[in-house]
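> Starting off with a structure, shown below.
The values are calculated or read from the model by the stated rules, or taken from the named source; none is laboratory data. Because the structure is a prediction, the values reported are computed rather than measured. Here the Cβ positions follow ideal geometry from the backbone for every residue, glycine too, while neighbour counts run over all protein chains shown. Accessible surface is based on the protein model in full, side chains and every heavy atom, while ligands, DNA and RNA are left aside. Shrake-Rupley method; radii C 1.70, N 1.55, O 1.52, S 1.80 Å.
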Amino acid sequence: MKIVIFGCGKIGTSIIESLVGEGHDIVVVDKDPGVVEEVSNIYDVMGLCGSGVDSDIMSEAGVADAELFIAVTGSDELNMLGCFLAGKMGARYTVARIRNPEYNDESLGFIKQHLDLSVALNPERLVAQEIMNILHFPTAAKVESFSGRNLQIVNVFLKDDSLMVGMKLSELRKKYREKFLICNVVRGDEVYVPNGDFIMKPGDRIGITAARGDMLKLLRDIGMPQKQPKNVIILGASRIAYYLAKLLIAAGIEVTIIDRDKQRCEEFALAIPEAVLIHGDGMKQEVLREEGIAATDAYIALTGTDEENVLSAFYAGSQKVPVVIAKINRQEMVLTAEKLGISCIVSPLNIVSDIISRYARALHNSIGSNVETLYKLMDGKAEILEFKVFDDFPYCKIPLKELNLKKSILLVGIVRGRRPILPTGEEMILPGDRVIVQSAGQPLGDLADIVG
């Protein structure tokens, strides 16, 4: 599929890396010649120096023949205008990054309709929602929801004293009555799809699948009770902090935001009067102590610098804050954070690249299914996808035990209506189902690809 990407910043580069890995024909456009040269050399894509709102550059990029045009510059207005022009020139689908809260409230639907945008992406709002998902399961490192939260995958780290350490998976199923599935285990640099003989070890990051009610009971039974936070400290008056504070306050949670920029604090105080704004340097331990970090239920580091987020999150962890979350974009910093014991990490780059990968695959679905959700694990070594099943899906109404599933495939769950099902060999896939699949080693474009 031919894809034109306007903007080669952090988000754009992440998208390029993801899509090139899936074999798409990519053309990139950016005003910075150095950036264009670097990206073209690293990812072996065609690069053009210029503007995505210049019709000559757009023509040279082949927008008229493009299946997908993606605009992710730092300017909402340029992104919207670029998508509008791309659509007029012949691009079939357009995606724009739109971050400004003024556009993302009541006017976004109007903008999408009149500019004929296929997708409007707001990475900061998506990160804020992911953080809220984690806060609903405070002992989790990550929470992935499928089919309107009817089925969830919660990732948790096993500590030395975890009740699951040293147990076989088959023993876990006998000991606990809740319906659940351990669908993956990340151990070091490896991703495992565990069988009944798999033994859990300290440091494992495990993905547990269950309906929300069963998930809460299971986590309580294995010694991970879910106490919902009543107060939160946020470091950094960023766009993510704005969206997150709105969500937290709506949920009745007290919010304190710390930022060293006085003007930002004043702007936030006007925009979110329910929050407490502190003008101060959150990298100074005395500032955090004065604001009661030792008594807070959750600490979330959202500055624009990975190093600051990691260091301040590490300090919060040393103060025994129950939930510590850090925003990190660079993969090398993710590894550093995990070594320091910071398990809850969110990344706008990963979230956006997952969404774009899902959308690109959805455009190519052709065998009775469509990608609804996609999450990648371990830099793309494995992924979890949700497919919607249509009437013409070729493997409908066949018991799963009769399907020759590929070795790299695990059926994680089926959602029928609003009822989550952990599939057995007797279960069948029916039209209208939403099927959640884990794949290791190869990308899935259609649900039919699970059969060898």
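> Would you grab the residues whose amide H sits under 5 Å from the one on Val324? Only those 5+ places off in sequence or on another chain, please, with H modelled 1.01 Å from N.
Tyr299
> Let me ask another. For the pairs Lys246/Lys381; Lys175/Lys201; Lys327/Lys376, note any where the Cα-Cα span goes beyond 28 Å.
Numbers: Lys246/Lys381 35 Å; Lys175/Lys201 18 Å; Lys327/Lys376 17 Å.
Violating the 28 Å Cα-Cα cut-off are Lys246/Lys381.
> For the chain, the longest stretch holding no chymotrypsin sites (Phe, Trp or Tyr not before Pro) located in a DSSP loop with at most 16 other Cβ atoms within 10 Å is which?
Values: sites that count: Tyr176, Phe390.
The longest such stretch corresponds to 177-389.
> Moving on to the next point. At 1.4 Å probe size, with the rest of the protein present, what percent of the exposed accessible area of the chain is carbon and sulfur atoms? Intermediate values should be presented prior to the final figure.
On the way: 9940 of 20020 Å².
Carbon plus sulfur share of accessible area: 50 percent.
> Once you have a ≥ b ≥ c as the square roots of the Cα gyration tensor eigenvalues for region 390-452, tell me rounded if a/c is under 1.5, and otherwise prolate or oblate according to whether a/b is larger than b/c.
Since a/c stays below 1.5, the shape of region 390-452 is classed as rounded.
> A further question follows. Return the tail of the calculated pair distribution for region 54-102, meaning the percent of Cα-Cα pairs more than 12 Å apart.
56
> Check each of the GluC sites (Glu not before Pro) in region 32-81 and keep only those in coil by DSSP with at most 11 other C-beta atoms within 10 angstrom; list them in order.
Counting only loop positions with at most 11 other Cβ atoms within 10 Å, none of the GluC sites (Glu not before Pro) in region 32-81 qualifies.
> Okay, next question. Once amide H atoms are built 1.01 Å from N in the peptide plane, which residues 5 or more positions from Asn122, or in another chain, come under 5 Å H to H?
Close amide H contacts, sequence-distant or interchain: Ile98.
> Given a 1.4 Å probe, how much area per residue of the chain is accessible, in Å²?
That works out to 44 Å² for each residue.
> Could you let me know the centre-to-centre spacing of region 155-190 and region 201-263, using Cα atoms, in angstrom?
Cα centroid of region 155-190 versus Cα centroid of region 201-263: 22 Å apart.
> For Lys401, list the lysines whose Cα falls under 22 Å from its own Cα; do not include residues on the same chain fewer than 8 positions away.
Lys179, Lys388
> Using a Cα-Cα cut-off of under 15 Å, which aspartates and glutamates could be cross-linked to Lys168, ignoring same-chain neighbours fewer than 8 residues away?
Answer for Lys168, where 15 Å is the Cα cut-off: Asp197, Asp204, listed by chain and number.
> Could you compute the net charge surrounding Ala120? Neighbours are other residues with a C-beta less than 9 Å from the C-beta of Ala120; K and R count +1, D and E count -1.
Value of the local net charge: +2.
> Once you list every other residue whose beta carbon is under 12 Å from the beta carbon of Gly62, what net charge do they have if Lys and Arg are +1 and Asp and Glu are -1? Could you put the intermediate results ahead of the total?
Values: positive: Lys2; negative: Asp25, Glu60, Asp65, Glu67.
Combined, the nearby Lys, Arg, Asp and Glu give -3.
> In whole angstrom, and with the biggest value first, how far do the Cα coordinates of region 37-161 range along each principal axis?
For region 37-161, the Cα extents along the three principal axes come out at 62, 40, 24 Å.
> Per DSSP helix of 4 or more residues, -39500 (n - 2.57); summed, then divided by the residues of the chain. What does that give at 222 nm, rounded to the nearest 500?
Details: 15 runs with 153 residues, N = 452.
My calculation for the chain gives -10000 deg cm²/dmol from helical runs alone.
> What ³J(HN,Hα) values, in whole Hz, does the Karplus curve 6.51 cos²θ - 1.76 cosθ + 1.60 give for region 197-212 when θ = phi - 60°, with x put for Gly and Pro?
8, 5, 9, 6, 10, x, x, 5, 10, 10, x, 10, 9, 5, 5, 4
> Setting aside same-chain residues fewer than 8 positions from Lys31, which lysines have a Cα under 26 Å from its Cα?
Lys2, Lys10, Lys88, Lys112
> Same structure again: So what's the Cα pair-distance distribution over region 86-238, bin width 5 Å, in %?
Reading upward from the zero bin: 2, 8, 14, 16, 14, 12, 10, 9, 8, 6, 3, 1, 0.
> Calculate I(q)/I(0) for region 243-342 by the Debye formula, one identical point scatterer on each C-alpha and no solvent, and give its log10 at q = 0.17 Å⁻¹ to two decimals.
Relative scattering, expressed as log10 I(q)/I(0), comes to -0.79.
> While we're looking at this one, here's another question. With a ≥ b ≥ c the root eigenvalues of the C-alpha gyration tensor of the chain, is it rounded (a/c under 1.5), prolate (a/b larger than b/c) or oblate?
On the way: a/c = 1.76, a/b = 1.04, b/c = 1.69.
The shape class here is oblate.
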